[in-house]
């Protein structure tokens, strides 16, 4: 059986009781970065083997993992933060498990875009999650498509590209389009900043930004 176990975005207290129980029960825990995941497991005194599973090796090892699961092993898959498969590895393994009749269970838990959306003050009844924009090929095409999207739009971005992306969004969406930027969610210096795309670009250009970023943008009228 394969369990997908969400992990805290930052605050370790956000780990669920059920998530801890599953991690204590499986044979192996698949993780993105063993150094990051070791801190979580040490905090909850979980002593289980860790095996790397990330975007650079998932194509190579997915067949081997399927063989082990079919042989009776129980795996838990975690990421550095949040729910597996949401802009993180998991899809390939889940797809192949379903093809092979292996049971998959995803536990509910932390996902960065949910608190960012709720905190934004932008309509939550209809939204589209796009994850990270393409870095080069297809970027302009996607920006043009999203500029006329009527639903609330949710994007992920890195700190180093935040200001550049906000400026690009202001060009394609209009400088006055309402948006919200959330960073360091659940951590000590959590920040949720709302305003126009232009104002947000100016605000974040004047400060040093760390942590994962979620951008929420109002849909086109």
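Just the residues that are part of a helix (DSSP H, G or I) and surrounded by 19 or more Cβ atoms within 10 Å (Cβ to Cβ), please, taken from the range 156-167.
162, 163, 165, 166
May I ask you to list the residues in the range 196-211 that are outside any strand (DSSP E or B), within 22 Å of residue 123 (Cα to Cα) and in contact (Cβ under 8 Å) with a residue 12 or more places away in the chain?
Residues of the range 196-211 that are outside any strand (DSSP E or B), as a first pass: 197-211.
Narrowing the set further to residues that are within 22 Å of residue 123 (Cα to Cα) leaves 197-201.
Listed by number, the residues that qualify are 197, 198, 200, 201.
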Filter result (surrounded by fewer than 18 Cβ atoms within 10 Å (Cβ to Cβ) and farther than 19 Å from residue 113 by Cα) within the range 197-221: 199, 202, 203, 205, 206, 207, 208, 220, 221
Identity of the residue in the range 18-38, free of Cβ contacts under 8 Å to residues at least 24 places away in the same chain and out of contact with any strand residue (DSSP E or B) (no Cβ under 9 Å at 6 or more places or on another chain), that ends up nearest to residue 3 (Cα to Cα): 21
Positions within the range 56-80 being touching a helix residue (DSSP H, G or I) at 6+ places or on another chain (Cβ under 8 Å) and surrounded by 13 or more Cβ atoms within 10 Å (Cβ to Cβ), in sequence order: 58, 62, 65, 66, 69, 74, 75, 76, 77, 78, 80
Count of residues meeting criterion [outside any loop (DSSP other than H, G, I, E, B) and either surrounded by 16 or more Cβ atoms within 10 Å (Cβ to Cβ) or touching a strand residue (DSSP E or B) at 6+ places or on another chain (Cβ under 6 Å) (or both)] in the range 168-195: 15
In the range 156-176, the residues that are in contact with a helix residue (DSSP H, G or I) (Cβ under 7 Å, 6 or more places away or on another chain) and under 20 Å from residue 134 (Cβ atoms): 157, 162, 163, 166, 167, 168, 169, 170, 172, 173
Number of the exception - residue 135 against (1) within 30 Å of residue 195 (Cβ to Cβ); (2) surrounded by 12 or more Cβ atoms within 10 Å (Cβ to Cβ): (2)
Residue that is under 16 Å from residue 3 (Cα atoms), in contact with a helix residue (DSSP H, G or I) (Cβ under 9 Å, 6 or more places away or on another chain) and at pLDDT 95 or above, where the choices are 44, 53: 53
Close pairs (8 angstrom Cβ cut-off, 6 or more residues apart or separate chains): surrounded by fewer than 16 Cβ atoms within 10 Å (Cβ to Cβ) in the range 95-106, outside any strand (DSSP E or B) anywhere: 100/66; 100/69; 100/70; 103/1; 103/97; 105/1
Odd one out for residue 54 among (1) over 20 Å from residue 156 (Cα atoms); (2) in contact (Cβ under 8 Å) with a residue 12 or more places away in the chain; (3) touching a strand residue (DSSP E or B) at 6+ places or on another chain (Cβ under 9 Å): (1)
Leading residue by the ranking (surrounded by the most Cβ atoms within 10 Å (Cβ to Cβ)) among those in the range 139-155 that are part of a helix (DSSP H, G or I) and under 22 Å from the mean Cα position of the chain (by Cα): 146
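The values are calculated or read from the model by the stated rules, or taken from the named source; none is laboratory data. Here the structure is a predicted model, which means the values were calculated and not measured. Neighbour counts run over all protein chains shown; Cβ positions are idealised from the backbone, glycine included.
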